[in-house]
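K.L.:
This is the structure, below, for whatever I ask next.
The values are calculated or read from the model by the stated rules, or taken from the named source; none is laboratory data. Keep in mind the model is a prediction, meaning the values are calculated, not measured. Note that each Cβ is placed from the backbone with ideal geometry, even for glycine, and that neighbours are counted across all protein chains shown. SASA here: full protein model, heavy atoms, side chains in, ligands and nucleic acids out. Shrake-Rupley method; radii C 1.70, N 1.55, O 1.52, S 1.80 Å.
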Amino acid sequence: MPKHHPPIRRIESTPMVQNVSTEELKERAKELRKTAVTMVYEAKSGHPGGSLSAADVVANLYFREMRFDPKNPKWEDRDRFVLSKGHVAPIMYSALAITGFVPMDTIHTLRQKGSPFQGHPDSKKCPGVEISTGSLGQGISAAVGMALGLKRDGRDSRVYTLLGDGETQEGQVWEAIQFANSQKLDNFVVIIDDNNLQIDGHCDEISPNLDFVAKLEAFGYDAVEIDGHDMQAISDAFDRFRELKNGKPKGLVLKTIKGKGVSYMEDQAAWHGAAPNDEQWKQAMEELEKGLN
């Protein structure tokens, strides 16, 4: 299969919080979006909608917020990221490739036999994947366990986990959220991608999630809701969370648009798990490059 991906500049990451401007982060988010859509297009399978809605927070995590070392993926003092909504693996894979956890050509192997980039994250196959995910609701439980272990070991590393809003309809999610509060895990950040779409349609019409911030606060969290496509707001939220040593886990609710950046995908449930054709891929690349949305 021909390689359609436009050239991308790899980031050299160091094991510390990065000093990266908001404009640079926006460019990184654009690169992540283009990479993720291209991966799904070439594989003829995957989940572009939720990948696009999560691109801005993933860019912030990998290019500014988290401490990690691609040359030493198991560095003990790294921050951990768990993609609980594992079906949007293309957006995390894009970040792992661009930051150097795997060779850049790996982006052309999504869902192929032997590839580290399987349909859902596989920690045994892909460096930088902390735990295999895909069965909704289970990733957050593993992430809370990681945060507890780090606390008991006396490390200052943080654990971030990204959930879909439809995923929060799983009861296991709230058991994990409650446990993190009971253990005073202020090194734990749960991020909810609130794009109001799940596989069958709008969450409000299927099983309304109501007020996420109020729910998280009722569970003892320090929580805030922001525009999930406002890069400065994302940075400010993470900065605030990092400074809070109050014994409370943190909750970041992102109001987002599923399919963000590609006009025909935006707020369309049909693009939860579908691949663009040739014409649609070209249109997506043009729109993402120009930033029309």
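K.L.:
Find the eigenvalues of the gyration tensor of the Cα atoms of the stretch 180-233, then list the square roots of 5 times those eigenvalues as equivalent ellipsoid semi-axes, largest first, in whole angstrom.
P.N.:
Values: eigenvalues 107, 50, 19 Å².
For the stretch 180-233, the ellipsoid semi-axes come out as 23, 16, 10 Å.
K.L.:
Per residue and in cubic angstrom, what volume does the convex hull of the Cα atoms of the chain have?
P.N.:
113 Å³
K.L.:
In addition: What percentage of all Cα-Cα pairs in the stretch 136-186 are separated by more than 14 Å?
P.N.:
Working: 615 of 1275 pairs.
In whole percent, the share of Cα-Cα pairs in the stretch 136-186 beyond 14 Å is 48.
K.L.:
Further question: Which percent of Cα pairs goes in each bin when the distances of the stretch 152-293 are cut into 10 angstrom slices starting at zero?
P.N.:
That works out to 11, 36, 30, 17, 6, 0, in percent per bin.
K.L.:
Continuing with this model, one more query. For the chain, list the DSSP H helices whose alpha carbon atoms reach 20 Å or more along the long axis and whose average Kyte-Doolittle value is 0.0 or above? Present the calculation step by step, with values, prior to reporting the outcome.
P.N.:
Numbers: long enough: 22-43 (31 Å, -0.83); 138-152 (22 Å, 0.65).
Counting only whole DSSP H runs, the qualifying helices are 138-152.
K.L.:
How much length would be gained if the chain were fully extended between LYS71 and MET104, taking 0.36 nm per residue of separation minus their Cα-Cα distance, in nm to one decimal?
P.N.:
Values: separation 33, 0.36 × 33 = 11.88 nm, distance 1.43 nm.
Difference between extended and current length: 10.5 nm.
K.L.:
Per q in 0.16, 0.17, 0.28 1/Å, what log10 I(q)/I(0) does a Debye calculation on the alpha-carbon atoms of the stretch 22-97 return?
P.N.:
-0.57, -0.64, -1.30
K.L.:
While we're looking at this one, here's another question. Restricting the calculation to Cα positions, tell me the Rg (one decimal) and the Dmax (whole number) of the stretch 101-204 in Å.
P.N.:
15.6, 44
K.L.:
I would also like to ask the following. Full-extension gain between LEU210 and ILE226, please, as 0.36 nm times their residue separation minus the C-alpha to C-alpha distance. Provide the component values of the computation, followed by the final result.
P.N.:
On the way: separation 16, 0.36 × 16 = 5.76 nm, distance 1.55 nm.
Stretched out fully, the LEU210 to ILE226 stretch lengthens by 4.2 nm.
K.L.:
Let's test the formula: R0 of 41 Å, r as the Cβ-Cβ distance of LYS44 and ASN246. What FRET efficiency results, to the nearest 0.05? Before the final figure, lay out each step's value.
P.N.:
On the way: r = 48 Å, r/R0 = 1.17.
Between LYS44 and ASN246 the formula returns 0.30.
K.L.:
Moving on. Given the pairs LYS85/LYS125; LYS71/LYS282; LYS74/LYS215; LYS215/LYS290; LYS34/LYS255, which span a C-alpha to C-alpha distance of over 29 angstrom in this model?
P.N.:
On the way: LYS85/LYS125 18 Å; LYS71/LYS282 34 Å; LYS74/LYS215 34 Å; LYS215/LYS290 38 Å; LYS34/LYS255 21 Å.
Beyond 29 Å between Cα atoms: LYS71/LYS282; LYS74/LYS215; LYS215/LYS290.
K.L.:
Could you sort ILE234, ILE131, ILE199 by accessible area so the largest value comes first, with the probe set to 1.4 Å? Please list the in-between numbers first.
P.N.:
Working: ILE234 0, ILE131 60, ILE199 110 Å².
Largest accessible area first, the list is ILE199, ILE131, ILE234.
K.L.:
Rounded to a whole number, what % of the accessible area of the chain do carbon and sulfur atoms account for, probe 1.4 Å?
P.N.:
Working: 5710 of 12120 Å².
Accessible surface attributable to carbon and sulfur in the chain totals 47 percent.
K.L.:
Can you pull the Kirkwood radius for the stretch 24-167, inverse mean 1/r over Cα pairs, to one decimal in Å? Kindly include the intermediate steps, with their values, before the conclusion.
P.N.:
On the way: mean 1/r = 0.0663 Å⁻¹.
Result for the stretch 24-167, one decimal place: 15.1 Å.
K.L.:
Under a 5 Å amide H to amide H cut-off, with H placed in plane at 1.01 Å, what residues pair with ALA223 once short-range neighbours are removed?
P.N.:
Hits under the 5 Å cutoff: GLY251.
K.L.:
Given the peptides 207-217, 253-263, arrange them by the average over their residues of other C-beta atoms within 10 Å, most packed first. Walk me through the numbers before you get to the answer.
P.N.:
Working: 207-217: 15.2, 253-263: 22.4.
Ranking, from highest mean packing down: 253-263, 207-217.
K.L.:
Compute the relative contact order of the chain as a whole-number percentage, counting only Cα pairs closer than 8 Å that sit 6 or more residues apart in sequence. Write out the running numbers ahead of the final one.
P.N.:
Working: 601 pairs, mean separation 63.6, N = 293.
Worked out over the chain, it gives 22 percent.
K.L.:
Moving on. Step by step: find N for the stretch 252-293, compute 2.2 N^0.38 Å, then divide the Cα radius of gyration by it. What's the final number?
P.N.:
On the way: Rg = 11.0 Å, N = 42, 2.2 N^0.38 = 9.1 Å.
Computed over Cα atoms of the stretch 252-293, the ratio equals 1.21.
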